[in-house]
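The values are calculated or read from the model by the stated rules, or taken from the named source; none is laboratory data. Given the structure is predicted, the values throughout are model-derived calculations rather than measurements. Ideal geometry is used to build each Cβ from the backbone, glycine not excepted, and the neighbour counts take in all protein chains shown. Ligands, DNA and RNA are excluded from the accessible area calculation, which covers all protein heavy atoms including side chains. Shrake-Rupley method; radii C 1.70, N 1.55, O 1.52, S 1.80 Å.
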Amino acid sequence: MSHSVITVETQENVSQNLIIQPPASRLSLQGRIQIPGDKSISHRALMLGAIAQGQTQIKGLLLGEDPCSTASCFQAMGAEISELNSELVTVTGIGLGNLQEPTDVLNAGNSGTTIRLMLGLLASHPGRFFTVTGDSSLRSRPMSRVVKPLQQMGAQIWGRKDGSLAPLAISGQALKPIHYHSPIASAQVKSCILLAGLLTQGQTTVTEPALSRDHSERMLRAFGAKLDIDPQTHSVTITGPAQLVGQTVIVPGDISSAAFWLVAGAIVPNSDLVIENVGVNPTRTGILEALAMMGADIQRLNEREVAGEPVADLRVRSSHLQSCTIAGEIIPRLIDEIPILAVASVFATGTTVIKDAAELRVKESDRIAVMAQQLNKMGAKITELPDGMEITGGTPLVGTDVNSYTDHRIAMSLAIAALVATGTTTIQRAEAASISYPNFVPTLETVISQ
């Protein structure tokens with residue numbers, strides 16, 4: 001591969017620019033890709049391992065910054081966690097109800113999953129005091145969606161803006177069970193309440209308007225918790241207090257990371273990629289359904305089950321995409337993939353409409369506004385909607401200066417768009433990709449074929 005396509009420039013020893021300059025002769029993408037471990041499953045394996053009895057062994061853990069934040073928080077509360085790597089991490093749990101009061105503020109970094117799920121555990125540890133914060137992005141993200149239901153259970157939580165923003169202070173209490181009807185389909189909200197229910201006497205139930213990802217339910221059952229699931233009403237009930245026992249967890253590849261290659265393989269001409277060992281949990285495969293609606297050529301190969309999670313290899317070949325409408329019940333199953341779906345839509349014939357995704361405005365960045373602004377700078381035709389966007393496909397992209405707003409999914413989505421733009425694209429603050437995908441740029445370099 002010629003080195004002219006990708007250059008990384010470090011700015012003032014911190015920030016990185018990723019410069020992508022496709023050759024005039026056009027490039028294609030070829031080869032087999034191994035993606036990082038699933039972020040959602042990595043977080044939950046560390047958390048449940050930390051509070052279970054005995055040892056948990058985790059194979060394939062994601063080595064991004066977010067799981068590191070989870071590990072450091074639980075180490076500060078007494079769990080023993082070996083050095084993080086993707087081969088094997090050993091967690092020596094302290095047993096349910098035994099989290100120790102940390103001597104310092106817990107720092108969740110950039111990770112919404114860490115802070116929101118952990119709150120359910122902290123709130124249910126009587127007689128202990130915890131404070132938790134995060135980086136500037138996390139301190140601006142809404143916490144009331146988990147604080148309010150926990151307060152209904154009797155939790156004592158204080159924070160900025162009436163407990164809706166971190167830093168948060170928590171005085172652990174003996175909680176009471178509730179049946180919570182969540183106004184949004186959110187795995188983080190559901191998981192937070194179920195984790196609070198682990199230590200709460202009786203039955204704690206969460207009902208959602210649509211099905212959100214179910215990694216917590218699968219893993220809680222594997223660790224020994226008693227759960228009842230009603231798929232008709234999107235309800236989950238946990239019976240506490242529970243007993244959790246350490247397990248071996250094999251983390252499949254993260255479909256959210258695979259999504260960048262699925263779209264790249266579909267839109268870069270003459271491409272043929274195989275993405276190995278991808279988790280295809282049905283609560284996460286909205287991206288595959290959306291790309292199928294658009295006419296993408298994607299096959300599932302070698303389908304199997306690993307540690308309770310369905311896994312497959314995915315083969316993608318370039319194709320002519322068509323516009324579609326992405327809305328309703330599919331949205332919770334592809335919420336993190338909408339930035340890269342916006343890129344796919346730019347290369348689809350017709351007008352694609354994405355709606356019911358207002359949640360995107362309170363992610364690591366306002367992903368609706370940022371994707372629309374940055375892709376429009378490159379020549380796309382995107383109109384923002386309050387809860388999504390309208391994307392008119394078929395306009396050629398031209399390289400220019402764009403900005404990730406330190407959002408990992410934006411950085412990688414813009415990099416894929418740049419592969420099919422004419423001229424040079426410079427993505428500022430591209431180091432954000434390492435939050436979920438530390439190897440993204442080296443992997444991109446290995447599959448580029450000229």
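General observations
- Only listed residue being more than 17 Å from the chain's Cα centre (by Cα), of a type in the set (D, E, K, R) and over 19 Å from Leu444 (Cβ atoms), chosen from Asp297, Asp272: Asp297
- Scope region 103-122; condition assigned to a loop (DSSP other than H, G, I, E, B) and open to solvent by less than 20 Å² (accessible area, probe 1.4 Å); matching residues: Ala108, Gly109, Asn110, Ser111
- Candidates Leu199, Leu168, Leu175 - the one that is open to solvent by 30 Å² or more (accessible area, probe 1.4 Å) and either not in a helix (DSSP H, G or I) or not aliphatic (A, V, I, L, M) (or both): Leu199
- Residue check for Ser235: under 17 Å from Pro282 (Cα atoms), out of contact with any His (no Cβ under 7 Å at 6 or more places or on another chain) and surrounded by fewer than 19 Cβ atoms within 10 Å (Cβ to Cβ): yes
- Thr90 being among the β-branched types (Val, Ile, Thr), at pLDDT 95 or above, surrounded by fewer than 24 Cβ atoms within 10 Å (Cβ to Cβ) and over 29 Å from Arg139 (Cα atoms): yes
- Test: residue in region 415-432 that is part of a loop (DSSP other than H, G, I, E, B) and among the hydrophobic types (A, V, I, L, M, F, W, C): yes
- Test for Arg139: is it farther than 19 Å from Pro102 by Cα, part of a loop (DSSP other than H, G, I, E, B), charged (D, E, K, R) and under 24 Å from the mean Cα position of the chain (by Cα): no
- Condition met for Thr425 (crowded, with 20+ Cβ neighbours inside 10 Å, modelled with pLDDT of 95 or more, over 24 Å from Ala210 (Cβ atoms) and of a type outside the set (A, V, I, L, M)): yes
- Residue list for region 391-420, restricted to those being touching a residue at least 40 places away in the same chain (Cβ under 8 Å), crowded, with 22+ Cβ neighbours inside 10 Å and more than 21 Å from Leu334 (Cα to Cα): Ala418, Leu419
- Of Ile229, Ile178, Ile193, all but one fail to be in contact with a helix residue (DSSP H, G or I) (Cβ under 7 Å, 6 or more places away or on another chain) and touching a residue at least 40 places away in the same chain (Cβ under 8 Å); the exception is Ile193.
- Here Leu18 meets the list (1) over 24 Å from His215 (Cα atoms); (2) touching a Phe, Trp or Tyr at 6+ places or on another chain (Cβ under 8 Å) almost entirely, failing just condition (2).
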